[in-house]
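Trainee: Next up is a structure, given as structure tokens.
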Amino acid sequence: MVAKSSLIFLVFALSCSRMLWLAEPKVSPQEVDALRQIAAKLGAKYWEFDDNSCNVVKFSVTTEIPYEAESTIACECNFTNDNFCHVVSMALKGYSLPGILPRELAKLPHLREIDFAYNYLYGTIPKEWASLQLTSISVLVNRLSGEIPKTLGNITSLTYLCLEANQFSGNVPPELGSLINLQTLILSSNQLTGNLPSSFAGLINLSDFRINDNNFSGSVPEYIQNWIQLNRLEMLATGLDGPIPTGVSVLNLMIDLRIGGIISPRQLFPDLSNMTGLVRLVLRNCNMSGEIPSYIWNFKELEVVDLSFNKLVGEIPATITAKSVRFIFLTGNNLSGQVPDSILKDGTSVDLSYNNFSWQSSEEPACRDNLNLNLNLFKSYSQENNLSRAVPCLDNFRCSRHSSCRHVNCGGQDANIKENKQSVLYEGDGEVEGGTALYFFNGDRNWGFSSTGDFMDDNDYQNKLYTVSLSDANMDVLDTTARISPLSLTYFFYCLRNGQYTVRLQFAEIQFTTDNAFNSLGNRLFDIYVQDKLVWKDFNIKDEAGGVEKPAVEFFDVNVTNNMLDVRFYWAGKGTTRIPRRSVYGPLVSAISVVSGFEACSSHGKRRINSIFIGVGVSCFVFFVLCILWWKGYLTGKSGRRTSADDSKGLDLQTRAYSLQQIKAATNDFDPASKIGEGGFGPVYKGQLPDGTVVAVKQLSSRSKQGNREFLNEIGMISCLQHQNLVKLHGYCIEGDQLLLLYEYMENNSLYRAMFGPQNYQLQLDWPMRLKICIGVAKGLAFLHEESRFRIIHRDIKATNVLLDQDLNPKISDFGLARLDEVEKTHISTKVAGTVGYMAPEYALWGHLTYKVDVYSFGVLVLEIVSGKSNSSFVPSEECLCLLDWACQLQQSGNLMELVDEKLKPEIDRGEAEMVIKVVLLCTNASPSLRPTMSEVVNMLEGRATIPDSNPQPGRYSEDLRFKAMRDLRQHTQGRSMSGSQSGSMTSGNMTAVHTFGSSAVSSHNEYVEIKPESRPYLA
């Protein structure tokens, strides 16, 4: 009976459930039909909508859905006395929809939010929309035209209105002043004219107002002082006259203030003392005079200061307390005095070009070659047209020879171009990274460039991608690459013979597209100056070339009288800034040639090519000689060279050469069963020599990324060193195409495998053992840096390069990237090689190499040992990029012990653990000058020295310079679109993929080595 009752109850319950499901409200049939009509009017050819779930199943113009397109419709079902769900918001973005804005939206009476951004819609905004209670309208980047409809003023519920990047024209209707709830109004990049309506004085709830790139008339209105809620104001190239109203001083909630290009009588710096929360301050080309108020340098939140191209005077203060500042652009003023240390802050970009500072000789602080910042001093001194002071920080510059022509492939590589039946070499600058505040000088050819500005809205505080390229076989090679700048770009040419020249400027728009899509709607305008004279206002590449991906060539005649010539490109604020994505704007130039009208060009191109061949020949000869010397044993001590007691300290000159036959015998002819791992060098085999010595044999792979140079480097470095914490090199083999290294065999493989390898290979490392490993690695590095006769920087300290012997003693291995530390130099400038996540910021971002780079890597390694987590793969939360990022955040919150491996907590000595973590934070300090030496580290770890306090730096660690490489790689591996915006390449792989960084000023003597992928020597 009970069973029967239960069955009846179950059937009843299921029936009720089904009835409830059938009664689940659906989208109103009238609205479903309206949505179909709307999709058709927008130009969609594919439309499918699920009225049960209120989901867009299919929506597109073609069968292929564009990357990053969005189709979202939201419904609400809780309306009183209504059994249907209703559409409340609609976002159809990034499809390049070719239709019109549908009036059928009025058939969705509950609709509140509309977003049709990044499409190809034309026409205007239908008056029927005024019947809706809309709160948000965005038609960003479309082809809408005509006057802005007055009926928009009837939608008083609006809080957000964005009409940016369309073709609206005429006066702004005063009816928009009725939008009393409006908080955001964006009208930038249209063709609007006339005065701003006086009715706007009543928009007292405005918090965001942007009107850049228009053709307004009249003055900047006084009534903006009424907008006391305003936190963002943008007025760049609006057409409005100045001065800046004094009433702006009451806007104390301002965070982002950008005013520029206003036509104004000379004015003093406006009173901004109440805007203490400012983050971005741009007052560019406003005809301001007088001194910069001292309070500006005390704003704690200030990150960007752009006061360029004014008439400001005075000196930069000796004390600056604005600790958050990242970008300082004071270009084009009359500032004077010395360049103080206060402005030379690590990690910043500072542009002082075109000023009247005192001449910066090589002895001045601003000319130190170990500055960890981007600093541009081009023409930063009194203008004397004096060639001897043409190159900042280079005393008494002289021309060794004069030239009558120059050819530059901007943003590209060296290219030989046929011109007038002759081959002309266009010298490339594509290898020069950066441009935020960059001065580059090619000392061999006496030309260079100065680049100023940051693409502020790209959300990348360390953007180094100031070249663009396009792969198109139908375009001339000079047109497929270009150098770009967000503000000002000057190419200069020194040591020219005086006389008449023809300047040929070549452009091609390669960031916009030729199709009927929103990517084609971009507009780029900039000004061109030759010899500081404006020769073209609002130059538009697309207009002059007759389209995109077509060349535009312009010629200018110039008279050179002081052996110098320069061409400057300046962005005054005109043109779109969000097509095809944020921060695409500013000058773009493909090639420049400067040719004499009185003398034929010399054949410098042929001489350059010949010198390249000669250089390559000499290098190959030296390489061959080195191979012979190592093979014969003269460089490894086989000849028994006598050394003094001091000279022989730490030297082991008994490394010997083995024959291939001997190594085959030791490894059983490279038996796969003897293979114990695969590293960046190639496969690793276990072998046994005739005397019973067990060795690890590393064989150079034909696919190796290290190559012959690192093979020789490894022999040359490690064969001269002997220490208990350095792996010993028994010998090598150079025979035929075989390159092999014989190391002492390490029974417990690498530290990486012991901690992070497959479960069956991991070792149970207790706290005393982990501390022992930390101290051992520290002693090995102290020997390399301070005790060996040769001071050596390893450059690739990480867990895979620390091997463990039978007793778990650590030994540093893999010296393929090691470099000698030249004591007389503050740092070595080199292309960067290493592993992302372990590299110090000054090295990863600027190529500045000192022994402090190893100290930083050691800190990361110890952090891994303490926590039992890998810095490159461990991501504790969305807010943290890596293990070190997490450690920095825990330091701020005072919870450092959370870092300790859970497996250690029952047994760990808390005092020792805190001591080690404090050492880690010292070693990984963003400033190399604050990191300890390795001998100091050893003393601290062994308790012989006190540990200084490491105060956490306030701020957002997600923007820390230390995590830029990790952030770039994370963004790339998550599929972030990078097409057309970079000149380098990235390839994912264990968060340590190839990503080339470099000094912002690359010389012809710099080495080029890519960052190594994560390698695991010996790892099976």
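Trainee: Of the residues A44, A40, which is part of a loop (DSSP other than H, G, I, E, B), aliphatic (A, V, I, L, M), on the phi < 0 side of the Ramachandran plot and surrounded by 12 or more Cβ atoms within 10 Å (Cβ to Cβ)?
Mentor: A44
Trainee: Within the range 663-674, which residues are out of contact with any Leu (no Cβ under 8 Å at 6 or more places or on another chain) and not charged (D, E, K, R)?
Mentor: Initially, the range 663-674 is screened for residues out of contact with any Leu (no Cβ under 8 Å at 6 or more places or on another chain), giving 664-665, 667-674.
Scanning the range 663-674 gives A665, T667, N668, F670, P672, A673, S674.
Trainee: Within the range 68-109, take every residue that is touching a helix residue (DSSP H, G or I) at 6+ places or on another chain (Cβ under 6 Å) and basic (K, R) and give me the one that is farthest from I579 (Cα to Cα).
Mentor: My answer is K107.
Trainee: Within the range 729-736, is there a residue that is assigned by TED's automatic domain parsing to the domain that holds A666, among the charged types (D, E, K, R), modelled with pLDDT under 90 and over 39 Å from the mean Cα position of the chain (by Cα)?
Mentor: yes
Trainee: Output the number of residues of the range 669-710 satisfying the condition of being surrounded by fewer than 16 Cβ atoms within 10 Å (Cβ to Cβ), modelled with pLDDT of 80 or more and either of a type in the set (V, I, T) or more than 21 Å from N749 (Cα to Cα) (or both).
Mentor: 5
Here's the yes/no breakdown for (1) on the phi > 0 side of the Ramachandran plot; (2) of a type in the set (A, V, I, L, M, F, W, C); (3) out of contact with any strand residue (DSSP E or B) (no Cβ under 9 Å at 6 or more places or on another chain); (4) in a helix (DSSP H, G or I):
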residue	(1), (2), (3), (4)
E902	no, no, yes, no
K905	no, no, yes, no
E912	no, no, yes, yes
V916	no, yes, yes, yes
V919	no, yes, yes, yes
A926	no, yes, yes, no
E936	no, no, yes, yes
R944	no, no, yes, no
P948	no, no, yes, no
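Trainee: In addition: Could you count how many residues in the range 271-291 are without any contact (Cβ under 8 Å) to a residue 40 or more places away in the chain and surrounded by 20 or more Cβ atoms within 10 Å (Cβ to Cβ)?
Mentor: 6
Trainee: Also, quick follow-up: S361 - would you say it is modelled with pLDDT under 90 and either farther than 24 Å from L496 by Cβ or in contact with a strand residue (DSSP E or B) (Cβ under 6 Å, 6 or more places away or on another chain) (or both)?
Mentor: Values: modelled with pLDDT under 90: yes; either farther than 24 Å from L496 by Cβ or in contact with a strand residue (DSSP E or B) (Cβ under 6 Å, 6 or more places away or on another chain) (or both): yes.
In short, yes.
Trainee: Six or more apart or on different chains, Cβ atoms under 6 Å: show the pairs whose first residue is in the range 355-383 and in a loop (DSSP other than H, G, I, E, B) and whose second is at pLDDT 85 or above and among the β-branched types (V, I, T).
Mentor: Listed by first residue and then by second, the contacts come to L373/T348.
Trainee: Residue check: is D256 acidic (D, E), at pLDDT 95 or above and in contact with a Ser or Thr (Cβ under 6 Å, 6 or more places away or on another chain)?
Mentor: The answer is no for D256.
Trainee: Here are the criteria: (1) in a strand (DSSP E or B); (2) modelled with pLDDT under 95; (3) under 30 Å from N285 (Cα atoms); (4) of a type in the set (K, R). Tell me which single one R483 does not satisfy.
Mentor: For R483, the exception is condition (2).
Trainee: A follow-up question, please. Name the one entry in G194, G242, G261, G218 that is of a type in the set (G, A, S) and on the phi < 0 side of the Ramachandran plot.
Mentor: Numbers: G194 fails: on the phi < 0 side of the Ramachandran plot; G261 fails: on the phi < 0 side of the Ramachandran plot; G218 fails: on the phi < 0 side of the Ramachandran plot.
Only one candidate passes the filter, namely G242.
Conditions (1) among the polar types (S, T, N, Q); (2) outside any loop (DSSP other than H, G, I, E, B), marked per residue:
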| position | (1), (2) |
| --- | --- |
| K345 | no, no |
| N416 | yes, yes |
| S423 | yes, yes |
| E427 | no, yes |
| G434 | no, no |
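The values are calculated or read from the model by the stated rules, or taken from the named source; none is laboratory data. The shown structure was predicted, so the numbers you read here are calculated from the model rather than taken from an experiment. We place every Cβ from the backbone using ideal geometry, glycine too, and count neighbours over all the protein chains shown.
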